Amino acid sequence: MQTLLDVILPVFLVIGFGYVAVWRNLFPETGIDGVMRFTQNFAIPCLLFQAIAKIDLEASFDPGLLGSFYAGAAICFFLGIFGARAFFRREWEDCVAIGFCCLFSNSVLLGLPITERAYGADAMTGNFAIVALHSPFCYGIGITAMEITRNRGQSPVVMIRSVTRAMFRNALVLSIGAGFMVNLSGAGLPGVVDDALSLIARAALPAALFALGGVLFQYRPEGDLRAIAMVCAITLIVHPALMWIFGKASGVEGEFFRSGVLTAAMAPGFNAYIFANMYGRAKRVAASSVLIATGSSILSVWLWLELLAGT
C-alpha cells in the first residue's frame with residue numbers, strides 16, 4: 001500500500017496544485033486552455049513519438065497478451081457507450097466520450113511505475129507492448145465511433161471521409177504513426193533531434209496534470225456522480241477481470257499476464273479528458289473520472305496485486 005501511495009500521491013499533488021492555482025485566481029482559466037493545447041498538440045505527441053520510435057517491437061510483441069488486453073478494452077468501450085445511453089439517457093456523442101473513458105487505461109503514468117515497483121524493471125516488456133499500440137488502438141476506435149455518430153444519416157462515403165480526416169488531423173495519432181515509421185525503418189533519431197524532443201516530452205506529463213487540476217475546478221462532478229461511478233467500475237473491475245479471463249484462455253503466462261492485468265486495472269488516463277475536450281463532449285464526466293478513479297485505484301490495484309500473488 002505504501003508503494004502505491006508513493007506512486008499516486010505525487011500525481012494528486014500536481015493535479016491539486018493546478019486546481020488551487022485556478023481556484024485562488026493565481027492562474028487564469030484561459031491560461032489552462034493554453035496549457036491544454038500545448039500538451040495535446042505538442043508535448044504529448046513528442047512523448048509518444050519518441051517512445052514508439054525507440055521501443056523494441058519484436059521483443060515485446062505477444063499476440064495472446066495484446067489480443068486479451070484489447071478485446072477487454074473494446075468490450076469496456078461499448079459497455080460505457082450503451083450504459084451511458086441506457087441508464088443516464090445521455091446524447092450519443094456524450095456516450096462515445098464516456099465510452100472512451102472506459103477504454104483508455106492510464107498505461108504510462110500509473111501502469112509502468114506500479115509494475116516496476118511490484119515486479120522490477122525487467123518485468124515490463126508486456127507493458128511496453130501495450131503502450132506501443134495503446135493510443136493508436138484507442139484513438140482509432142474512439143474517433144471512428146465519434147465521427148460515425150456525428151455524421152449519422154450521411155452516406156458511407158461521407159462517414160469514411162470524416163473519419164479519415166479526423167484521424168489524420170489528430171496530432172497524437174500522427175505522432176504515433178511517425179514513431180512506428182522511424183522504428184520500422186531502423187534509421188534512428190539524430191542525437192540533437194532526440195535531445196530536443198526530450199526537452200519537450202519532459203514537460204508533457206506535469207503540464208498535463210497541472211492543466212487537469214484547472215479543468216477539474218471548471219468541471220466539478222455535480223449531477224454526474226452515477227456516470228462517474230459506472231466509469232470507475234468498468235475501468236477498475238471489469239477490464240482487468242476480462243483481461244484475466246481472456247489471458248488464461250489464451251495461455252498468457254508469467255510477466256506478460258501480470259503486465260496485462262495490472263495495466264487493465266489502471267484508472268482512465270489523461271487522454272480520456274483530451275478526447276472529451278477534443279469534441280467538447282462529457283468533459284465533466286471525463287475530468288472527474290480520471291481523478292476519482294485514480295484515487296480509488298489505490299485500493300483496487302492493491303487487491304489485484306494480491307490476486308496476482310496467488311497465481
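Kindly report the accessible area of segment 187-253 per residue (heavy atoms of protein chains, probe 1.4 Å, no ligands, DNA or RNA), in Å². Don't jump to the answer; show the numbers that get you there.
Working: 3170 Å² over 67 residues.
Here the per-residue accessible area is 47 Å².
For segment 38-116, the per residue solvent-accessible surface stands at 38 Å², with DNA, RNA and ligands left out and a 1.4 Å probe.
Per residue, segment 256-309 exposes 28 Å² of accessible surface when a 1.4 Å probe is rolled over the protein heavy atoms with every protein chain present.
Ligands, DNA and RNA left out, the accessible area of segment 22-109 computed with a 1.4 Å probe is 63% carbon and sulfur.
Using a 1.4 Å probe on the protein chains only, how many percent of the accessible area of segment 113-252 belongs to carbon and sulfur? If you can, show how the numbers build up before the last one.
Working: 4320 of 6620 Å².
Ligands and nucleic acids excluded, carbon and sulfur give 65 percent.
With a Förster radius of 22 Å, plug the Cβ-Cβ distance of L225 and L303 into 1/(1 + (r/R0)^6) and report the FRET value to the nearest 0.05.
On the way: r = 23 Å, r/R0 = 1.03.
Once the sixth-power term is evaluated, E becomes 0.45.
One equal scatterer on each Cα of the chain, no solvent, Debye formula: the resulting log10 I(q)/I(0) at q = 0.06, 0.14, 0.16 Å⁻¹ is -0.19, -1.10, -1.45.
The values are calculated or read from the model by the stated rules, or taken from the named source; none is laboratory data. Note that the structure is predicted; figures quoted are calculated from it, not measured. Neighbour counts are summed over all protein chains in view; Cβ atoms, including those assigned to glycine, are modelled from backbone coordinates with ideal geometry. What goes into the accessible areas is simple: the full protein's heavy atoms, side chains included, and nothing from ligands, DNA or RNA. Shrake-Rupley method; radii C 1.70, N 1.55, O 1.52, S 1.80 Å.
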